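Notes follow the structure.
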2 protein chains.
Amino acid sequence: MQKNFVLSTTDRHSKARRGQLTTAHGVIDTPAFMPIGTQGTVKAVTPRELRELDAQIILGNTYHLFVRPGLDVIKHFGGLHNFMNWDGPILTDSGGYQIFSLAKLRKITDGGVEFQNHIDGARAFISPEVAMEIQAALGGDIAMALDECVPYPCEYDYAAQSAELTTRWAKRCKEWKEQNAQRPTLNVQRPTDVVMSAVSAEFGADAPTAPELLFGIVQGATFEDLRKQSAQAIVDLDFDGYAIGGVSVGEPEEEMMRAVESAEPFLPRDKSRYAMGLGTPPQLLEMIARGMDMFDCVLPTRLARNGTAFTTTGTLNLKNAQFALDKSPIEENCACDACREFSRGYIRHLIKAEEILGLRLITLHNLHSYLNLMKRARTEIESGTFDQFRKAFVAGYKTRDPMMVE
Amino acid sequence: MQKNFVLSTTDRHSKARRGQLTTAHGVIDTPAFMPIGTQGTVKAVTPRELRELDAQIILGNTYHLFVRPGLDVIKHFGGLHNFMNWDGPILTDSGGYQIFSLAKLRKITDGGVEFQNHIDGARAFISPEVAMEIQAALGGDIAMALDECVPYPCEYDYAAQSAELTTRWAKRCKEWKEQNAQRPTLNVQRPTDVVMSAVSAEFGADAPTAPELLFGIVQGATFEDLRKQSAQAIVDLDFDGYAIGGVSVGEPEEEMMRAVESAEPFLPRDKSRYAMGLGTPPQLLEMIARGMDMFDCVLPTRLARNGTAFTTTGTLNLKNAQFALDKSPIEENCACDACREFSRGYIRHLIKAEEILGLRLITLHNLHSYLNLMKRARTEIESGTFDQFRKAFVAGYKTRDPMMVE
């Protein structure tokens, strides 16, 4: 198998890594931030704007797209790339996280998860094989193995059983990929007879082939030994990359760091590592220092819609009256369109008046801010100065931002 | 006085006119459509996008901006152009229309209008002089005289008295402009002692000078003789251009056409004519054929937010299930970004999922559609084929679109 990830520089003072992950739709420079395109769009942003922001990969949410518009629609349009007109790499999550956080009436068995979606309450069943089949239909470049993401706090025994379930599911995802590489997906064995409304037999001869890359997910909640065992078990299955899941689910920041630190030593150096669903800018730098390469987070887009802008020294709530007469940009010397063309005072007015342009401008700035932080981290790693940069950035970051959960 | 409007071609088969209106911020080719920037932004659109759409002028709503963010803020930023980063021409309305349609507890006297705004209920008073002073502070290129816009239907006697009031107010606006050309506005006589929260004595020595161009507004409801009398009286006052107000307020389309036809013969050929607050694409062509040059309308932006797209053959409601699998663009051969890059099916999904990108894309298309219709009308007038074009367009336009009121 061809190597998909090349590590070019490792930091001497931390575990930070500079690498490149290659996919059919392009190369991703790591450390990388992936803007989230939940429902087939990064909220309020066009693909052209994403390209102008130098986003190299975006994330698509399998659960949301499965529920609406449904796979028949996305398949009709030739996959998610064509549907949303984004020609860069796409990572699709497995749908598991949203089933556990958004859907109703979940029933988890070894076979998979039965649930009712949060939009129209329709019942569906997702097994590891179905999760793979859905992701194959979406046509992303990187698929994620189905996992169970336990809440925080979580009992040790449940976390242990759940991590083992995640490992068994990961194995089935891997097997599905091997069986379906370059082949139609008609031979999927459905573990129950619950009807999958969207992944239907209609796929026929033109059924999607398996995704190019498949990442396994390490679980184990906040327990060091479980994180270690999970990492070892998942790595034994040999995936194209590894994610650390079940973090940023409400646990204290130290617990989050420890969860990553517990698993990281067991991840191979020559595969990319993805810390799922986080975080604030300082958290991203801390995760990079702990050997993580890829990130996704709703904060830059979600907080933008509430008037909150990220700067290198913390967040600003642009609704505050103090900005009403402020002629400066959101952040001095920022190269984003919002900062080059508009003042804080104007953006504050737009947000107060509930004008869409306000959240558009803050969204652009926040995505630029996150993507630019990764660009800066890459440069600092190359220069051997990452750790000083991280310490100075974290020390200079004044606000305590929310750790939000998607 | 320098001529601001040059008529280059008049149609032989209709009253259609091809002209150019010159302002300090640029030249406007007429017939022209003015996108509406109610609260200091054309909804969901950036100034850069407006320039890419070839918008040559936008409209700012005096009432909305007066209420929020308030004139002190806009003045602090050096006027509306600077505040919103739009360097092309701006026409400001007088605020009268919104006082009558949005504000509460209105009391109209010869002196002006007392009202409570619809945001925080604060009381304010706007006289003709104050309306001019506010528009001067906004710094638009074209100001409108304060008028009373009567509802439909309206009693003859009220319409007659109201049109006379509008004439008296127009005279005072004209006088204010003459007195304040190139001069500070401290000498405004306040007709009552009601506090104007925003237009304050603070203006001091750097008070704004009078707007460059001032248009008078013809009223008279649906009564032919009143429209004629109003047109004559307003034209006698000698404005830089003339608007026909009090149309598209709920009256049948024939009444609207007749109101314009009644006033038009009394408007001078060498000044531009602005038909206020309308309309559908066929209505715009009908108005051009009746000698109108400038238009503003909320339809393209407002209906976009509801999923409705304008095409040359009528509107499409993109929420409809029939578009779910439609791979074609909103309109074949349309040059707008939305049509060049995205399918009806994708845009339908965005609208159904309440994604901002959906209304952004339809807004772009609709504005392009309106602006392009004006471009086409100008070319057809130049070619002497406007009337055939109008008839074919109107005959081919299949949907009966709402006549909406802002």
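The values are calculated or read from the model by the stated rules, or taken from the named source; none is laboratory data. Keep in mind that this is a model prediction, so the values were computed, not measured. Methodologically, a virtual Cβ is constructed for each residue, glycine included, from the backbone with ideal geometry; neighbour enumeration extends over all protein chains shown. All accessible areas refer to the heavy atoms of the entire protein, side chains included, with ligands and DNA or RNA removed. Shrake-Rupley method; radii C 1.70, N 1.55, O 1.52, S 1.80 Å.
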Out of all the residues in segment A:363-376, is one or more over 24 Å from residue A:36 (Cβ atoms) and either modelled with pLDDT under 95 or buried (at least 18 other Cβ atoms within 10 Å of the Cβ) (or both)?
no
Lone unmet requirement of (1) out of contact with any helix residue (DSSP H, G or I) (no Cβ under 6 Å at 6 or more places or on another chain); (2) within 13 Å of chain B (Cβ to nearest Cβ) for residue A:326
(1)
I need the full set of residues from segment A:87-104 which are closer than 16 Å to residue A:41 by Cβ and without any contact (Cβ under 8 Å) to a residue 40 or more places away in the chain, in order please.
none
Looking for something open to solvent by 40 Å² or more (accessible area, probe 1.4 Å), within 30 Å of residue B:154 (Cβ to Cβ) and not in a helix (DSSP H, G or I) - is there at least one such residue anywhere in segment B:309-323?
no
Are any residues in segment B:160-172 open to solvent by 10 Å² or more (accessible area, probe 1.4 Å) and more than 13 Å from residue B:226 (Cβ to Cβ), and if so, which ones?
B:168, B:171, B:172
Can you pull out every residue in segment A:287-308 that is part of a helix (DSSP H, G or I) and open to solvent by less than 30 Å² (accessible area, probe 1.4 Å)?
A:287, A:288, A:289, A:299, A:300, A:301, A:303, A:304
Answer yes if at least one residue in segment B:275-285 is in a helix (DSSP H, G or I), within 14 Å of chain A (Cβ to nearest Cβ) and of a type in the set (S, T, N, Q), and no otherwise.
no
Read through the list (1) surrounded by 24 or more Cβ atoms within 10 Å (Cβ to Cβ); (2) part of a helix (DSSP H, G or I), then give the number of the only condition that residue A:146 fails.
(2)
Take residue A:399 and tell me if it is closer than 24 Å to residue A:58 by Cα and away from every other protein chain (no Cβ under 11 Å).
no
Which of (1) more than 30 Å from residue B:150 (Cβ to Cβ); (2) open to solvent by less than 10 Å² (accessible area, probe 1.4 Å) is the odd one out, the single condition residue B:9 does not satisfy?
(2)
Do you know which of the residues in segment A:377-386 that are of a type outside the set (Asp, Glu) and open to solvent by 10 Å² or more (accessible area, probe 1.4 Å) is farthest from the other protein chains (Cβ to nearest Cβ)?
A:384
If you check every pair at least six apart or on different chains, which have Cβ atoms under 6 Å apart with a residue in segment A:47-66 that is under 13 Å from residue A:370 (Cα atoms) first and a residue that is open to solvent by 20 Å² or more (accessible area, probe 1.4 Å) and not hydrophobic (A, V, I, L, M, F, W, C) second?
A:53/A:368
Verdict on residue A:27 being at the interface with chain B (Cβ under 9 Å from one of its Cβ atoms) and either closer than 19 Å to residue A:300 by Cα or more than 13 Å from the chain's Cα centre (by Cα) (or both)
no
Hey, can you tell me all the residues within segment A:221-260 that are under 19 Å from the mean Cα position of the chain (by Cα) and over 14 Å from residue A:170 (Cβ atoms)?
A:221, A:247, A:248, A:249, A:250, A:251, A:253, A:256, A:257, A:259, A:260
Per the filter on segment B:264-281, residues open to solvent by 20 Å² or more (accessible area, probe 1.4 Å) and either on the phi < 0 side of the Ramachandran plot or of a type in the set (A, V, I, L, M, F, W, C) (or both) are B:265, B:266, B:268, B:269, B:270, B:271, B:276
Take the residues of segment B:347-372 that are without any contact (Cβ under 8 Å) to a residue 60 or more places away in the chain and away from chain A (no Cβ under 12 Å): which is nearest to residue B:300 (Cα to Cα)?
B:362
Filter segment A:49-101 down to the residues that are within 14 Å of another protein chain (Cβ to nearest Cβ), in contact with a His (Cβ under 8 Å, 6 or more places away or on another chain) and not in a helix (DSSP H, G or I) and list them by number.
A:68, A:69, A:87
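Listed here are the residues, each with its yes/no results for (1) under 18 Å from residue B:246 (Cα atoms); (2) surrounded by fewer than 24 Cβ atoms within 10 Å (Cβ to Cβ); (3) not aromatic (Phe, Trp, Tyr).
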site: B:126; (1), (2), (3): no, no, yes
site: B:129; (1), (2), (3): no, no, yes
site: B:134; (1), (2), (3): no, no, yes
site: B:140; (1), (2), (3): no, no, yes
site: B:158; (1), (2), (3): yes, yes, no
site: B:174; (1), (2), (3): no, yes, yes
site: B:178; (1), (2), (3): no, yes, yes
Tally of residues being modelled with pLDDT of 95 or more and β-branched (Val, Ile, Thr) across segment B:383-406:
2
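Each row is one residue, and each column tells you yes or no for (1) in contact with a strand residue (DSSP E or B) (Cβ under 8 Å, 6 or more places away or on another chain); (2) among the β-branched types (Val, Ile, Thr); (3) at positive phi.
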{"site": "B:12", "(1), (2), (3)": "no, no, no"}
{"site": "B:34", "(1), (2), (3)": "yes, no, no"}
{"site": "B:44", "(1), (2), (3)": "no, no, yes"}
{"site": "B:82", "(1), (2), (3)": "no, no, no"}
{"site": "B:92", "(1), (2), (3)": "yes, yes, no"}
{"site": "B:103", "(1), (2), (3)": "yes, no, no"}
Residue tally, condition more than 12 Å from chain B (Cβ to nearest Cβ) and surrounded by fewer than 18 Cβ atoms within 10 Å (Cβ to Cβ), over segment A:329-346
3
Kindly indicate which of B:206, B:238 is open to solvent by 20 Å² or more (accessible area, probe 1.4 Å) and at pLDDT 95 or above.
B:238
